[in-house]
Amino acid sequence: MRFLVLQHLDIEPPALLADTLAEAGCELATLRPAAGEPVPASPDGFDGLIVMGGPMSANDTMPWIGEEIALLADAIARDAPVLGVCLGAQLLARAAGGRIVPSPVRELGWYRLRPTGAATADPLFSHLPDAGLEVFQWHGETFTLPEDAALLASCDGVPNQAFRLRNRLYGLQFHVEVDEPLVRQWVDAGESEREHLGETGVANMLAETPGKLPAARDFCHAMTLAWLELARA
């Protein structure tokens, strides 16, 4: 199978998502809209879309933002498989009629993600433990839940964390694709995030990262394989 990855920043790759799909024999083609590469009008020629994060806002007016929203609206109409992460989830929410608003909590670091009742029967989020899972967050905006979306997971401060549209389109506000080097790169690149956390906050977050990554990566692996099965259906 062949998937199109929309990557907005060099240091925000699909990482574990890509590793899991490659191990399953899939091919990934990477497109960089923010660098001027043209966004297709439809997902034709691909078995699904993976839309990654970035420091931009889904409310921004750059032409490629609108082009990605149009592509995602087309994917929604077709029930084409989509996996949107952070900015990718916000773009998907906008394509479905949701709004992008300031997050009530600027989630930076590790936060407990808990399943909703709808997660029990969901192919991807039935893998989320009943007691929840610590996941990595790196965002200052959030989305309102689109009218036809099923909410699958929440955090205490920011309730809208994961949603499904139709049968095969998913938005994830959080990052389970990361490894420790990526987390450190984001800290190095994120001046405002470092300022918000403070030196002690940054140090504490980096210290707890190695212990929290294995469970998050296990969930990412299981979730990605479940999404692949939906894409194959």
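The set of residues in the stretch 49-90 that are surrounded by fewer than 24 Cβ atoms within 10 Å (Cβ to Cβ) and of a type in the set (D, E, K, R) comprises D60, E67, D74, R78, D79. Quick one: in the stretch 192-233, of everything that is farther than 23 Å from A15 by Cα and of a type in the set (D, E), which residue is surrounded by the most Cβ atoms within 10 Å (Cβ to Cβ)? Restricting to residues being farther than 23 Å from A15 by Cα and of a type in the set (D, E), the top hit is E195.
In the stretch 108-125, which residues are at negative phi and touching a residue at least 60 places away in the same chain (Cβ under 8 Å)? Residues satisfying the conditions are L108, W110, Y111, L113, P123, L124, F125. Restricting attention to the stretch 12-40, the residues being loosely packed, with under 15 Cβ neighbours inside 10 Å, within 22 Å of D179 (Cα to Cα) and of a type in the set (A, V, I, L, M, F, W, C) number 3. Of all residues in the stretch 141-152, those that are surrounded by fewer than 22 Cβ atoms within 10 Å (Cβ to Cβ) and touching a residue at least 40 places away in the same chain (Cβ under 8 Å) total 6. When residues in the stretch 136-157 are screened for being farther than 21 Å from G190 by Cα and not charged (D, E, K, R), 12 of them pass. Could you tell me whether the stretch 63-83 includes any residue that is within 25 Å of L213 (Cβ to Cβ), touching an Asp or Glu at 6+ places or on another chain (Cβ under 9 Å) and modelled with pLDDT of 95 or more? No. In this structure, A93 qualifies as aliphatic (A, V, I, L, M), crowded, with 18+ Cβ neighbours inside 10 Å and out of contact with any helix residue (DSSP H, G or I) (no Cβ under 6 Å at 6 or more places or on another chain). When the stretch 178-191 is filtered for residues that are assigned to a helix (DSSP H, G or I) and either at pLDDT below 95 or of a type in the set (A, V, I, L, M, F, W, C) (or both), the ones remaining, listed by number, are L182, V183, W186, V187, A189.
Just give me the residues in the stretch 123-170 being part of a loop (DSSP other than H, G, I, E, B) and among the polar types (S, T, N, Q), in sequence order. Scanning the stretch 123-170 gives T144, N160, Q161, N167.
The values are calculated or read from the model by the stated rules, or taken from the named source; none is laboratory data. Keep in mind that this is a model prediction, so the values were computed, not measured. Note that we place each Cβ from the backbone using ideal geometry, even for glycine, and neighbour counts take in every protein chain shown.
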